[in-house]
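The values are calculated or read from the model by the stated rules, or taken from the named source; none is laboratory data. Please read these numbers as outputs of a predicted model, since none were measured by experiment. Please note: Cβ atoms are built from the backbone with ideal geometry, for glycine as well, and neighbour counts cover all protein chains shown. Remember, those area values only see protein heavy atoms, side chains included, never the ligands or the DNA or RNA. Shrake-Rupley method; radii C 1.70, N 1.55, O 1.52, S 1.80 Å.
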Amino acid sequence: MWTKLDRIQRDIEELAKFNSTPGRGLTRFSLTAEDRAARNYLKKELLGCGLKVFEDAAGNLTARREGLLQDAPVVMIGSHFDSVKSGGNFDGPAGVAAALETVRVLSERGIDTLYPIEVVAMIEEEGARFGASLYGSRAMAGKISVAQLKDRKDSEGISMFDALKNFGFRPEDIAAAQRLPGSIKAFLELHIEQGPLLESEGLDIGIVGDIVGIQDLIIKLIGRQGHAGTIPMHLRADALNAAARVIAKISDLAVAAGEGTVATVGWLSVKPGGFNIIPGEAEFSVDIRSGKQAHVDTVTQGIADFLQEMTQGTGVQFEMTSLMKVEPVRMSAGIVAIETACCEKMGLKSRIMSSGAGHDAMVMADLTDVGLLFVPSLAGRSHCPEEWTDYGQLQKGVEVYLHTVMELAEAQL
Ligand code: HGY
Ligand code: MN
Ligand code: MN
């Protein structure tokens, strides 16, 4: 193998140190001290490979390795380096480490490529701090506005606009983060599978053929706060009781849509929150996914219809806000073919599969041909401290990734 396991392992372990919840999984929210420390580690490594490092107006960290062709589109490689709350060490960083190791190998072997290569380490893919998931790639696709940056706030009420400003970026120039059509030849991401398939089938590599569509919603029920002891049941406008009915209905709608459609309520907040107070307000997240957009839309519409019907005449109002919607996307058949050939050449067991997890690759598909490679997750666990991928398995994925990038960038061997 051309890649070095110890360097890949070091990247993962170093990045895992930049964590705001040590002992309770990994938490690295965008534009925080942990982000800054991780960014500095990556900058040092990228500069060490002789790349030109810069940060775009969206706060993505990027680094460019020139090719022999002038003014040619880049082969973009990388993933995200923010995390969910109390997540694992590999979700995102495995892909950043793969990109880093790729440019290390090319540099140490003095391999020129016809096309330039750009490493990207994106922020706010998870949306864990500001609720703006797939942000880094959506900014590159020109889908993030100043208004959205001002609207998205963290749990302390800090807007993403102010957080970017305080971090030293110019969010007012967010439009400058957009990549011009034709400026990217291909985008390739390596990621942990985050599910049980590869491990259960004893496979080394997942070659992603398609990624499910995702609809993120926030639903708010506004009732009438009151005394828990004196208001008869038929006179209440209990926001939490209404929310509970909707939440139960959401699961039923996903099951009814079928074909692997899923819907998840990840967080719920109740105000004011007291033993003896009828809740005046209940707000919760909804994450709907399916390989078929029609199923996502059916569940979304089913929720809206139920809210309308269930709150009629109860005194409870509702607000339903769409935070993010990305349709199902197919990976480039050409890149799938290259990945498949690489696996065969290396004697690695692989299969084509769908991704139930969202990835920046699904947004980059608006701009260019995209490919996504998976490595196995231990017991299929992810978004939890137990998330793990054996470093030997990760290295196999990075090796396939390296050779796929070399083919896409037309390495001059
Ligand atoms: O939510 C997802 O699928 C990804 O982990 N952001
Ligand atoms: Mn994730
Ligand atoms: Mn991820």
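Working only within the stretch 338-364, note down all residues that are free of Cβ contacts under 8 Å to residues at least 60 places away in the same chain, of a type in the set (A, V, I, L, M, F, W, C) and out of contact with any Lys or Arg (no Cβ under 8 Å at 6 or more places or on another chain).
Residue satisfying the conditions is Ala341 alone.
Only a single criterion out of (1) modelled with pLDDT of 95 or more; (2) farther than 23 Å from Ile12 by Cβ; (3) over 20 Å from the mean Cα position of the chain (by Cα) is not satisfied by Arg104, namely (2). With the condition kept exactly as written, say whether any residue in the stretch 334-355 is within 14 Å of ligand 3 (Cβ to nearest atom) and either under 27 Å from Gln178 (Cα atoms) or surrounded by fewer than 24 Cβ atoms within 10 Å (Cβ to Cβ) (or both). There is at least one residue in the stretch 334-355 that is within 14 Å of ligand 3 (Cβ to nearest atom) and either under 27 Å from Gln178 (Cα atoms) or surrounded by fewer than 24 Cβ atoms within 10 Å (Cβ to Cβ) (or both).
Condition check ((1) of a type in the set (Gly, Ala, Ser); (2) touching a strand residue (DSSP E or B) at 6+ places or on another chain (Cβ under 9 Å); (3) more than 22 Å from Leu164 (Cβ to Cβ)) across all residues:
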{"position": "Gly25", "(1), (2), (3)": "yes, yes, yes"}
{"position": "Leu47", "(1), (2), (3)": "no, yes, yes"}
{"position": "Val53", "(1), (2), (3)": "no, yes, no"}
{"position": "Asn60", "(1), (2), (3)": "no, yes, no"}
{"position": "Ile77", "(1), (2), (3)": "no, yes, yes"}
{"position": "Leu100", "(1), (2), (3)": "no, yes, yes"}
{"position": "Val105", "(1), (2), (3)": "no, no, yes"}
{"position": "Ile111", "(1), (2), (3)": "no, yes, yes"}
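Counted as qualifying within the stretch 305-413 are the strands (runs of 3 or more DSSP E) with 1 or more residues that are polar (S, T, N, Q) and not assigned by TED's automatic domain parsing to the domain that holds Ile144, namely 317-326.
Looking only at the stretch 195-211, decide whether some residue is part of a loop (DSSP other than H, G, I, E, B), within 16 Å of ligand 3 (Cβ to nearest atom) and of a type outside the set (Val, Ile, Thr). Yes; the residues of the stretch 195-211 include at least one that is part of a loop (DSSP other than H, G, I, E, B), within 16 Å of ligand 3 (Cβ to nearest atom) and of a type outside the set (Val, Ile, Thr).
Consider only pairs whose beta carbons are under 6 Å apart and that are at least six residues apart or on different chains; among these, list those whose first residue lies in the stretch 162-187 and is outside the structural domain of Asp360 (by TED's automatic domain parsing) and whose second residue is open to solvent by 20 Å² or more (accessible area, probe 1.4 Å). If the second residue must be open to solvent by 20 Å² or more (accessible area, probe 1.4 Å), no pairs are left. Kindly establish whether Gly110 is on the phi > 0 side of the Ramachandran plot and open to solvent by 10 Å² or more (accessible area, probe 1.4 Å). Yes; evaluated as a whole, the condition is true for this residue.
The rows are residues; the columns are (1) away from ligand 1 (no atom under 15 Å from the Cβ); (2) under 30 Å from Leu69 (Cβ atoms); (3) among the small types (Gly, Ala, Ser).
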{"site": "Arg104", "(1), (2), (3)": "yes, yes, no"}
{"site": "Asp112", "(1), (2), (3)": "yes, yes, no"}
{"site": "Ala128", "(1), (2), (3)": "no, no, yes"}
{"site": "Ala141", "(1), (2), (3)": "yes, yes, yes"}
{"site": "Lys150", "(1), (2), (3)": "yes, no, no"}
{"site": "Asp162", "(1), (2), (3)": "yes, no, no"}
{"site": "Phe167", "(1), (2), (3)": "yes, no, no"}
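Is there a residue being among the basic types (Lys, Arg), part of a helix (DSSP H, G or I) and open to solvent by 40 Å² or more (accessible area, probe 1.4 Å) anywhere in the stretch 22-36? Let's see the steps before the verdict.
Keep residues of the stretch 22-36 that are among the basic types (Lys, Arg), which gives 24, 28, 36.
From what is left, the residues that are part of a helix (DSSP H, G or I) are 36.
After this cut, where a residue has to be open to solvent by 40 Å² or more (accessible area, probe 1.4 Å) as well, the list is 36.
Yes: one or more hits.
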